[in-house]
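Down below is the structure, laid out as structure tokens.
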């Protein structure tokens, strides 16, 4: 292979380790599986896991060490705000960034999200593509800690 795509653009080889690793935490099965599929369409990101609540998210984060966590702000057992607090409080997770999702996105939730340590709060009503693009943009902007 000469390093060029069929249309003449130069292909950039990316090691799997250079891709942004993402964990998805949402209690809505349909939304969660749709996000996993949408994230999988982005070659710069790889989903390392998906879970149904915040308690499982914290376990998976400690085990898998994803670069980004996409968590529903309102989940049973442990919500997304608690996930963000847990990640922020654990020095061993300093390279993990939490982005919250909410169907009832408002300024107050955004302020609470930032206070909890989340890097952003996105609206679940946005298209999955827009959410994926935002996650990738945040990952690139924040970089490793």
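Bear in mind that the values in this text are calculations on the coordinates, not laboratory data. From a predicted model like this one, the values you see are computed outputs, not experimental measurements. A quick note on method: Cβ atoms are made from the backbone with ideal geometry, for glycine too, and the neighbour counts reach across all protein chains shown.
Worth pointing out:
- Taking region 18-142 and dividing mean pair separation by its residue count, relative contact order in percent (alpha carbons under 8 Å, at least six apart): 24
- Computed FRET value (nearest 0.05) for residue 88 with residue 46, which takes r as the C-beta separation and R₀ as 22 Å: 0.40
- Cα→Cβ-extended label distance, 7 Å offset, between residue 59 and residue 111, nm: 3.6
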